[in-house]
Amino acid sequence: MRIYVCWDNKAKHPIIGEHPCGVAYEAVVEAGYEPEVVKAYGWAKLPQALNFTSGRKEVRELTGRDEVPVLVLDDGGFVAGTAEIVAWAKANPAAAAAG
């Protein structure tokens, strides 16, 4: 399992407040997973030519879009978006998956 985030996986920052990538990451961790974190530097609002990092390229190939966070599951499926990842983590705790 891996999670693509923009530049950080902390949920709260003193300047920007709540950070969507960090909120998604923390939900997955709280659900009992230890995802590999892939930093997909860039910004989805920039043109694709300026979102040229390997992380953004992988996200684009997977989802067709440049937005993160994206959670890639062990079966190759993915969940895109903060709210969607949080909902998935709540519905799929690691203990239930292991049992």
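Each value in this text was obtained by applying a stated rule to the coordinates, not by laboratory testing. Everything numeric in this text was worked out from a predicted model, so none of it was measured. Positions of Cβ are generated from backbone atoms using ideal geometry, with glycine treated the same way; all protein chains shown enter the neighbour counts.
Table for the structure above
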{"item": "³J(HN,Hα), Karplus 6.51/-1.76/1.60, whole Hz, each residue of the stretch 65-78, x for Gly, Pro", "result": "9, 9, 6, 10, x, 9, 9, 9, 7, 5, 8, x, x, 9"}
{"item": "Interchain or long-range residues, amide H under 5 Å from residue 37's placed H", "result": "3"}
{"item": "Neighbour-count order for 12, 39, fewest beta carbons within 10 angstrom listed first", "result": "12, 39"}
